[in-house]
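**Student:** Below: one structure in structure tokens.
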Amino acid sequence: MKANQAMADTHVFARHALEQAMRLVVAGFGSAPEEIEAVVGNLVDANLTGHDSHGIGMLPRYAEAFAEGGLVPNAHVRSVLDAGALLRLDGGAGFGQVIGKEATALGIERARRHGCAVVALGNSHHLGRIGAWAEQAAAAGLVSLHFVNVIAAPIVAPFGGAKAGFGTNPFTAGVPLAGRAPLILDFATSVIAQGKTRVAYNKGEALPEGCVIDDHGRPSTDPRWSVIEPRGAILTMGAHKGYGLAVLSELLGGALAAGLVGHREDGSARRVLNGMLSVFVDPSALGGGAAFEREADAFVASLLEAPAREGFERVLLAGDPERASRARRSADGVPVDATTWQQILRAATQLGVDAARVQAAVEGPEAAPA
Ligand SMILES: NC(=O)c1ccc[n+]([C@@H]2O[C@H](COP(=O)([O-])OP(=O)(O)OC[C@H]3O[C@@H](n4cnc5c(N)ncnc54)[C@H](O)[C@@H]3O)[C@@H](O)[C@H]2O)c1
């Protein structure tokens, strides 16, 4: 691993300097100022939470999609069907960082009005870290569930299959908890997110056993099988159980919400679309709000007080690792591997942005991590 090993150095950039540098890059799409803020804020936050796979490293792919006309800057959600608590939205192939935020804001507004809401979103460009939308709903006091499909070349094999049949189809849920940070359960239904295999490939690192198969269906630890042609496939998490959840995300986020499943994509297009079915519930509108708060708190407290077993520091709640990483990287800086950084600078040039200005934004004494 070989060819990429020499590029495995990592830069550490101060959060604000990195945001400033990324504003310059995203401006190259011709985005309005609010869109620049939404895209940069969302991508840098994904890096802060530790999910580099869904952070600024996506920008080169976005630039390629934009060049092909597969990503449309300055698009906003359009209502296709409005039945009060049921909404069907079209994202116009716009930046998922904007479309996801707008779709979630509409779901929140409807759930506050009706007690619950179902939002079917189709034709959004890559929605990034889906946990961001669960966090947005939880901050508004709402429970939310999100089933997401990926409309790009299939990369995950069905359980028992030797060939990819669908995407990494995330499942995400958020539950607000009184007096403590919310549960944010947010994962790809593949054993590893595809972006993480790209990060491993860029760093020249092997994957753990049991993540990928090669183009003949044989087990491998080389991330190349999910990054470059000829491709193999990533396996589903939890064997047949993750497979079941992946199929559910495709049926609900894809067929039902987006009216489009991903398996026909041949990989020649660089765009990545996501379909998302989101369900929002206002606990206070369901009655029993006080019991929910009391019981949820007692249950979570009992988990977090459990003694840690060997090899673990303590029991965590889903969402805790991201919050801890966000606090740590906001203070200490954001690591970006050298290969990813070079790809971003190249993308800047493709977008007509002076890469030297982007580089300058992360250099100098004021750009050093605190
Ligand atoms: N937009 C897309 O097309 C797309 C596709 C796939 C994945 N994604 C995103 O990729 C990101 C990464 O997914 P992933 O599968 O690599 O995530 P992951 O394997 O890191 O799992 C993350 C989840 O597990 C929880 N968690 C981690 N350690 C824990 C612990 N010790 N105790 C309790 N909970 C713990 C986290 O809080 C989080 O909810 C997600 O944000 C997902 O939304 C997006």
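The values are calculated or read from the model by the stated rules, or taken from the named source; none is laboratory data. These numbers were taken from a predicted model, which means no experiment stands behind them. Cβ coordinates were reconstructed from backbone atoms using ideal geometry, including for glycine residues, and neighbour counts include every protein chain displayed. Keep in mind that these areas ignore ligands, DNA and RNA; they rest on the heavy atoms of the full protein, side chains included. Shrake-Rupley method; radii C 1.70, N 1.55, O 1.52, S 1.80 Å.
To keep it simple, each residue is scored yes or no on (1) more than 27 Å from D282 (Cβ to Cβ); (2) open to solvent by less than 30 Å² (accessible area, probe 1.4 Å).
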{"position": "I36", "(1), (2)": "yes, yes"}
{"position": "I56", "(1), (2)": "yes, yes"}
{"position": "R61", "(1), (2)": "yes, no"}
{"position": "S79", "(1), (2)": "no, no"}
{"position": "A103", "(1), (2)": "no, yes"}
{"position": "G107", "(1), (2)": "no, yes"}
{"position": "E135", "(1), (2)": "no, no"}
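**Student:** Out of the residues in the range 199-213 that are of a type outside the set (G, A, S) and open to solvent by less than 50 Å² (accessible area, probe 1.4 Å), which is farthest from the ligand (Cβ to nearest atom)?
**Tutor:** I213
**Student:** Can you work out which of the residues in the range 148-163 that are closer than 12 Å to R264 by Cα and open to solvent by 20 Å² or more (accessible area, probe 1.4 Å) is nearest to the ligand (Cβ to nearest atom)?
**Tutor:** Only one residue tops the list, namely V150.
**Student:** If we keep just the residues of the range 81-101 that are within 16 Å of F280 (Cβ to Cβ) and within 16 Å of the ligand (Cβ to nearest atom), which is surrounded by the fewest Cβ atoms within 10 Å (Cβ to Cβ)?
**Tutor:** K101
**Student:** Could we say that I56 is on the phi < 0 side of the Ramachandran plot, assigned by TED's automatic domain parsing to the domain that holds W341 and within 16 Å of the ligand (Cβ to nearest atom) here?
**Tutor:** The answer is yes for I56.
**Student:** Out of the residues in the range 225-258 meeting the condition of being part of a helix (DSSP H, G or I) and of a type in the set (D, E, K, R), tell me which one is surrounded by the most Cβ atoms within 10 Å (Cβ to Cβ).
**Tutor:** Across the range 225-258, the extreme among qualifying residues is E250.
**Student:** Here are some conditions: (1) open to solvent by 40 Å² or more (accessible area, probe 1.4 Å); (2) away from the ligand (no atom under 14 Å from the Cβ). V334 meets all but one. Which one does it not meet?
**Tutor:** For V334, the failing item is (1).
**Student:** Quick one: is N149 of a type in the set (S, T, N, Q), over 19 Å from Y243 (Cβ atoms) and touching a residue at least 40 places away in the same chain (Cβ under 8 Å)?
**Tutor:** No, not satisfied.
**Student:** Considering every residue within the range 294-302, establish whether at least one is touching a strand residue (DSSP E or B) at 6+ places or on another chain (Cβ under 7 Å) and within 15 Å of the ligand (Cβ to nearest atom).
**Tutor:** yes
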